[in-house]
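Undergrad: Encoded as C-alpha cells, here's the structure I'll be asking about.
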Amino acid sequence: MSWILPFPARCYGKWGFLALIIGCIAVFGIIFSSVKHLSSYASIIHTRFDVSSQNSTRSLIYGGNRTEIDLVSLTVNYDFYVLFNNSAIDSWLRHIQHIRSITFVGPPNDQNLFEQKMRIHYNHLHSNKTMIPIRWVNETYWMDAYKEKLGCPYPAACQQLIKLNIFDLRTELGIDISDNVLIVDSDTVWSRDIQFIDPNNGKVTYFGIRQNKGCINLDPVEFTEAITAGIPPAPPENARLRYFNESQLAAIEREFFKKKLDYRVENTVTPYKSCRQTPEQDATGLRHIIHHMLFQFDVMTQLHQTINRAWNSSSIWEAAVECFRIKNYCAGRVAEYELYYSFLAEHYPERINVEVLKKSDVMLASAICDAKEMQCCRDQNVLLKGCHDHRINEYKENKSLTGDICCLETQGT
C-alpha cells in the first residue's frame, strides 16, 4: 500500500513536511509563551478587595453624561505608611464622589505587603451590600513593553510615562476601567468632598493654583511644548569639521538653539499658558500639578496620536525618550499633568471647569496626615494634603519640620 501524503507533503516531500511540522510547533510555542507572559501581568487582576462606598455604587447618568470615575494610583512600599496608617484610601472613598474602582500599579515585590496591609487596615470596608473592586496590577507590563526596549529619559520619568500610558490597563490588559480615570498620587490624603464630573453638562473640574506669571524655574514648560512640536531643526552633522574656530562653532550652536526654541513655540499644539514666556504673551498664572489629574480616554488617545505623528514614533514613551536626547529642547522634566491639561485646554476647552485655589487650600508638602491633622484640614475646607515619605522621616528626627500644616498648634511640637 502506498503512503498517501497530505497536500503540503506532496509539494515538499517527506522531509519538507517534517520541517513544516517542526516549524508549526515552534510558532505555537512562541504564541503560547507570549500568552503566558501576558497572563503574568493579568493574573494579578483577580486580586480584588470588595469594599463599600456610599458614593460609588451605581452608574449615574444625567443627560447622557457619566459621572463615574475609575481611580488609579501608582505606588511603592514607601508610600504605604500614608496609604494605610494615615488612611489615604479611606479619604478617597469618603471625599471623591462616584468612584467605580480603585487600581494600584506598583512593583511586583510590593504586592504581598500591599495585600497584608489591605487586610489589616481596611478590613472594616468589607460589605455585602455595596462593593467596588480594589485591584493591584504589577507595573511589569510597562517595564517590559516600554522601559526595557526604550529606556527612560531619566529614572524618575518612568512613573510619569506610565501615567500617560495608563489606559493600557484597558486596551492591553483588558481591565474594566471607564473613559474617566482619575490619577491620584498615593501619598495624598483628601479632606474636602469633590465631584469631578458635572452631572448636568459633563464638564470636568480641574484645579489651578495661582503663581507668579513669570516662567523662571518652571521646568514643565519645555517638555509640555516640545513633545507635541516634534523634531526641531538641527545643525549640520559636519559642523565641527567646517568650523575650526571655537567662536564660530559657538555662534552656530546659539543660532540653532534659538531655532529650536522658535520651532517649539511655533509648532506646539500644547502651549504652556501657566506663565508668560514673552512680554506680549497672555498667561493664566495657574499651575495644575496638584497630586492628581482626571484623564479622559478620547482626549488621551488624540494626544498620543498627535505626539506620534510629530515624532514619527510608535508610542508617546518613545517620543519622550527621543525628545530628551535633543540638547536644550525637552529640558526640565516630564510633566504629565501639565501636558494633558495644556492639550485639553487647547482642544477641548468646553469640557473644563476651572476652580482656582489659594495656596492655603492645598497642602502639597507635609509631614503630618494623621486623623487629628486631617480633621483640622476639613474644618478649614482644605482640598488635600501631600504627605511625602522623606518629609515624614525628617519630621521624626526634627519635630519642627512639619511642612504644610492645618493644625497650627502642632508646629514645633
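The values are calculated or read from the model by the stated rules, or taken from the named source; none is laboratory data. In this text the structure is predicted, and so the values were computed from the model without any measurement. Here Cβ is always computed from backbone atoms with ideal geometry, including for glycine, and neighbour counts include all displayed protein chains. The protein model used for the area step is the full one, side chains on, heavy atoms only, and it has no ligands, DNA or RNA in it. Shrake-Rupley method; radii C 1.70, N 1.55, O 1.52, S 1.80 Å.
Undergrad: Could you check how many residues of the range 305-350 are closer than 11 Å to THR224 by Cβ and among the polar types (S, T, N, Q)?
TA: 1
Undergrad: Could you tell me which residue of the range 300-336 is surrounded by the fewest Cβ atoms within 10 Å (Cβ to Cβ), considering only residues that are within 17 Å of VAL269 (Cβ to Cβ) and in contact with a Lys or Arg (Cβ under 8 Å, 6 or more places away or on another chain)?
TA: Per the stated criteria, the residue is TYR329.
Undergrad: Hey, another quick one. In this structure, is THR67 touching a Ser or Thr at 6+ places or on another chain (Cβ under 9 Å), closer than 27 Å to SER366 by Cα and not hydrophobic (A, V, I, L, M, F, W, C)?
TA: So THR67 does not fit the description; no.
Undergrad: Filtering the range 47-77 down to residues that are closer than 18 Å to ILE120 by Cβ and at pLDDT 95 or above, which residue is surrounded by the most Cβ atoms within 10 Å (Cβ to Cβ)?
TA: Here the residue is THR75.
Undergrad: Taking the range 256-274 only, how many residues are under 23 Å from the mean Cα position of the chain (by Cα) and hydrophobic (A, V, I, L, M, F, W, C)?
TA: Matching residues across the range 256-274 total 1.
Undergrad: In the range 289-299, which residue that is open to solvent by less than 50 Å² (accessible area, probe 1.4 Å) and of a type outside the set (Phe, Trp, Tyr) is nearest to LEU169 (Cα to Cα)?
TA: Filtering the range 289-299 for residues that are open to solvent by less than 50 Å² (accessible area, probe 1.4 Å) and of a type outside the set (Phe, Trp, Tyr), the one nearest to LEU169 (Cα to Cα) comes out as GLN296.
Undergrad: Only one of (1) open to solvent by less than 10 Å² (accessible area, probe 1.4 Å); (2) in a helix (DSSP H, G or I); (3) among the hydroxyl-bearing types (Ser, Thr, Tyr) is not met by SER101, so which one is it?
TA: Condition (2) is where SER101 drops out.
Undergrad: Within the range 131-147, is there a residue that is over 19 Å from VAL105 (Cα atoms) and out of contact with any helix residue (DSSP H, G or I) (no Cβ under 7 Å at 6 or more places or on another chain)?
TA: Scanning the range 131-147, I find at least one residue that is over 19 Å from VAL105 (Cα atoms) and out of contact with any helix residue (DSSP H, G or I) (no Cβ under 7 Å at 6 or more places or on another chain), so the answer is yes.
Undergrad: In addition: Taking the range 357-412, which residues are crowded, with 17+ Cβ neighbours inside 10 Å, of a type outside the set (Ser, Thr, Tyr) and in a loop (DSSP other than H, G, I, E, B)?
TA: Selection gives ALA367, ILE368, CYS369, VAL382, LEU383, HIS388, ASP404, ILE405, CYS406, CYS407.
Undergrad: Hey, could you check the range 152-194 for residues that are open to solvent by less than 10 Å² (accessible area, probe 1.4 Å) and in contact with a Gly (Cβ under 9 Å, 6 or more places away or on another chain) and say which is farthest from LEU74 (Cα to Cα)?
TA: Within the range 152-194, the match that is farthest from LEU74 (Cα to Cα) is VAL189.
Undergrad: Can I ask one more? Can we say ALA320 is farther than 20 Å from THR205 by Cβ and at pLDDT below 95?
TA: It is false that ALA320 is farther than 20 Å from THR205 by Cβ and at pLDDT below 95.
Undergrad: Right, another one. For the range 280-295, which residues satisfy the criterion of being among the aliphatic types (A, V, I, L, M) and either under 19 Å from ASN165 (Cβ atoms) or at pLDDT 80 or above (or both)?
TA: Answer for the range 280-295, where residues must be among the aliphatic types (A, V, I, L, M) and either under 19 Å from ASN165 (Cβ atoms) or at pLDDT 80 or above (or both): LEU286, ILE289, ILE290, MET293, LEU294.
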